[in-house]
1. Can you bin the range 341-395 into rounded, prolate or oblate? Criterion: square roots of the alpha carbon gyration tensor eigenvalues sorted a ≥ b ≥ c, rounded for a/c under 1.5, prolate for a/b above b/c, oblate for the rest.
2. Using Cα-only point scatterers and the Debye equation, what is log10 of I(q)/I(0) for the range 216-413 at each q in 0.12, 0.19 Å⁻¹, rounded to two decimals?
3. Going by alpha carbons, how many degrees (0 to 90, nearest 10) lie between the helix axis of 65-77 and the longest principal axis of the chain?
4. Using r as the Cβ-Cβ distance of residue 45 and residue 512, and R0 as 56 Å, what FRET efficiency do you calculate, to the nearest 0.05?
5. Kirkwood hydrodynamic radius for the range 631-675: how many Å is it when counted over pairs of different Cα atoms?
6. Note the full-extension length gain between residue 666 and residue 206 as 0.36 nm times their separation in residues minus their Cα-Cα distance, in nm to one decimal.
7. Find the all-direction average of the projected area of the Cα convex hull for the range 421-501, expressing the result in square nanometres with one decimal place.
8. How high is the relative contact order of the range 604-670? Use alpha-carbon pairs under 8 Å, at least six apart in sequence, and give a whole percent.
């Protein structure tokens, strides 16, 4: 076991933590981030927080069924050995030992390497009779006598006394008197249980294996939010700051955009969470951040949306009829926390439905009831975001939430032929994986008729006239021809040239100024055009006109120019401490300094496949590693203590530099293990 590699016989949890290595303390803070909020002054304060009722109960929320059963055994033992826990459970010994390591890493158990104690808050969480066993003892019982006495007890009552509640209100030869009640002694229960502290339970639900789909649907949120921003540029969406967007307005806009209402609702939620849209008076409009997002590479666009989803404490489909909108600030506490745990236990490369996901979460997080309840909603959200195709998770979902950056790299891999098919009937068939330039072209000349993995657009005469106005129609034809995988139909060429010949409606930007007779002369002197009595116009912008009038001593009551929409105040998860700060904290708590005197031994060549097993063994056995890896353009050689391996990336404490490092396995060139 990992914990057996470091000799220790501490007298308290604080002593235990002082004996741990920087990597082990870093792992503890990674597993229980609440311990660093606010920053602890010393290791004793970390220990007090780790033993606190609220913190310990919160840590227990993330335990799976096996770890929780092991912890209950230690709650029953008060102070026990790993051998007792292994012998007292029907699970495989390796699974029990791994659970003990995990519980020790989380500081729910302390001590070791053989004797462990449970923190009081965790012990009390299992009630008065952990494992259904009483605390009273009656040593020296004869097993045959206990078995014979049990034969006279009603089977249903015996089952309850042995496995559920050892207290009864009636006397019996099996029971001992405890005050006004009668209790089945622990030793009698263990004889009748054949030495097991807990009964066997069914294993985690099985799911049918399936190949991970290519992930073209990952483009759905990017394409959908991009379409929303284009629509809002043409016409804002009616919005009330207190009630959000009404159901009627939402349905009307979805019909005009030719998309399902549920999809539009999710895109609006997503765009609002990412700060791309917000309130502007009585309308929803794009914020100043939208332009930067639209100009980003597709992987960055996707990552920004998914990061907002992961961090949002509002479900994507939070719109309720009573709330009359999708952009309200109503939230469910810890939605982001539960969503993250659901994603961590989601079975990858298997076919699963919402019900199966809920069963998996109930096994992997048995104390996190809200997560199990929310699993069907998260399944629906993931499907809307293209993270599930059919019933199979995409490769990106298997990397979330720990490695958003790596998950984003799967998006370009999903791009196939992103060109158009332009047909003689003026329809354009386009995949949702269009690049930004092609999307702008399609949106400028056509309107959407149907939405899906492949979208259908139709040339719009009004948009076409606007797109070709003031330019050579051949330029637009050339752009359409380059974007089309088929020759441009002659009917489309005729439509473009006809649009260019149509006389455009001349629209002149003008600011209208209404003034009294006393200011007429001043307005004329400023160059404003008089169009009627006391009425003047100018092609100058409103803000320039206001400044000129103010300089001439004329007050105005015109409203200020419209500002970009303000992002909505969105409920979010609590921010995690950054890695550098945690590194400094660990060094402070343990007084660790960089070891510049370390000289590397000869190293063996490494490849990613080999390093997966090497890193896993090093974490399990508390083994340290010498690593040679590329960091940007530099080659570094460091002595590290592995902390966590996730999504092809090793997090470790570097004893060479006294800091936490993250290394992609593909960048490791050589290694050597050191006990």
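1. prolate
2. -0.58, -1.36
3. So the helix axis and the longest Cα principal axis differ by about 40 degrees.
4. The formula returns an efficiency of 0.25 here.
5. 11.1
6. Between residue 666 and residue 206, full extension yields 162.4 nm more.
7. That works out to 4.7 nm², a quarter of the Cα hull's surface.
8. Value for the range 604-670: 34 percent.
Values quoted throughout were computed directly from the atomic coordinates according to the rules given, and no laboratory measurement underlies them. Model, not experiment: these values are computed from the prediction. Cβ atoms come from the backbone with ideal geometry, glycine included; neighbour counts cover every protein chain shown.
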